[in-house]
1. Yes or no: region 177-188 includes at least one residue that is at negative phi, in a helix (DSSP H, G or I), crowded, with 19+ Cβ neighbours inside 10 Å and at pLDDT 80 or above.
2. Check whether at least one residue in region 153-172 is in a loop (DSSP other than H, G, I, E, B) and either buried (at least 19 other Cβ atoms within 10 Å of the Cβ) or under 20 Å from the mean Cα position of the chain (by Cα) (or both), and report yes or no.
3. Can you confirm whether residue 107 is within 26 Å of residue 48 (Cβ to Cβ), touching a strand residue (DSSP E or B) at 6+ places or on another chain (Cβ under 8 Å) and not assigned by TED's automatic domain parsing to the domain that holds residue 169?
4. Here's a check for you: in region 108-129, which residue that is surrounded by fewer than 17 Cβ atoms within 10 Å (Cβ to Cβ) and under 13 Å from residue 195 (Cα atoms) is modelled with the highest pLDDT?
5. Confirm whether residue 132 is modelled with pLDDT under 80, under 24 Å from residue 161 (Cβ atoms) and surrounded by fewer than 17 Cβ atoms within 10 Å (Cβ to Cβ).
6. Looking at the structure I just gave you, is residue 259 modelled with pLDDT of 80 or more and assigned to a helix (DSSP H, G or I)?
7. Do the conditions hold for residue 52, that is, is it part of a helix (DSSP H, G or I), modelled with pLDDT of 80 or more and within 30 Å of residue 138 (Cβ to Cβ)?
8. Which of the residues spanning region 97-133 are without any contact (Cβ under 8 Å) to a residue 24 or more places away in the chain and in a helix (DSSP H, G or I)?
């Protein structure tokens, strides 16, 4: 749909394949472009969701419910690690088997849909971010585009690393603590969470850690475009640590300090890594400006 420049405001965009150099896009054109990016993203997400749903029984038995079993790989690895570090069974966690219950007729089906939808997001994450990048890219300058090369790879890598951290380390600690926590006299309370509660908790852990691990990439991009600097991150370090502790408390659904520390320590390390990355970017930018002057 063609709209004259007198009817709507126009925006300069970087030329792309099929565009004339210096071509302008109206507000309506931007909405049309956004629509097609969303359509492609939703289609890929639906395909991934259907693929997960087809294998839902295997995924539930071997992936979703695995952290709630006593034979989960993390329990054995932590025990072996503790013994190699000569600290005995300090890292060993008590065996845990969590029986799940349902209290609604549609519970299993709706839980399967939830697993498939979240699983679709995880599987399709690189493509979803690629579509977001393709929409944002025309609004960036050539310098900003140059600085953001490889962002799809690094963003995806950080997301999957965070998701793996949440799944293999944080989830077992969380479920182990909750399953072995007692209230009142022995025998008066039996821990039997609902299927929906278990899946919701696991989803929050995985997605929360996946997004939290994007901190270094975010710091790199913001430093490149000049919104922050290494000195800025150092100046506000103490405030950032408080925010990280609050974020760790939000990500970890269990109230025990162990799980919160497990999340907080990597986030603190990621923040320090962000400071190092920002310092290197600042140094490189200063060198380039010196060469041009």
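The values are calculated or read from the model by the stated rules, or taken from the named source; none is laboratory data. Computed from a predicted model, the values in this text were never measured in an experiment. Virtual Cβ from ideal backbone geometry, glycine too; neighbours counted across all protein chains shown.
1. No, region 177-188 contains no residue that is at negative phi, in a helix (DSSP H, G or I), crowded, with 19+ Cβ neighbours inside 10 Å and at pLDDT 80 or above.
2. Of the residues in region 153-172, the ones in a loop (DSSP other than H, G, I, E, B) are none.
So far as region 153-172 goes, no, none of its residues is in a loop (DSSP other than H, G, I, E, B) and either buried (at least 19 other Cβ atoms within 10 Å of the Cβ) or under 20 Å from the mean Cα position of the chain (by Cα) (or both).
3. On the way: within 26 Å of residue 48 (Cβ to Cβ): yes; touching a strand residue (DSSP E or B) at 6+ places or on another chain (Cβ under 8 Å): yes; not assigned by TED's automatic domain parsing to the domain that holds residue 169: yes.
Yes; evaluated as a whole, the condition is true for this residue.
4. 113
5. Considered against the rule, which asks whether it is modelled with pLDDT under 80, under 24 Å from residue 161 (Cβ atoms) and surrounded by fewer than 17 Cβ atoms within 10 Å (Cβ to Cβ), residue 132 comes out as no.
6. Numbers: modelled with pLDDT of 80 or more: no; assigned to a helix (DSSP H, G or I): yes.
Considered against the rule, which asks whether it is modelled with pLDDT of 80 or more and assigned to a helix (DSSP H, G or I), residue 259 comes out as no.
7. Working: part of a helix (DSSP H, G or I): yes; modelled with pLDDT of 80 or more: yes; within 30 Å of residue 138 (Cβ to Cβ): no.
The answer is no for residue 52.
8. Result: 109, 130, 133.
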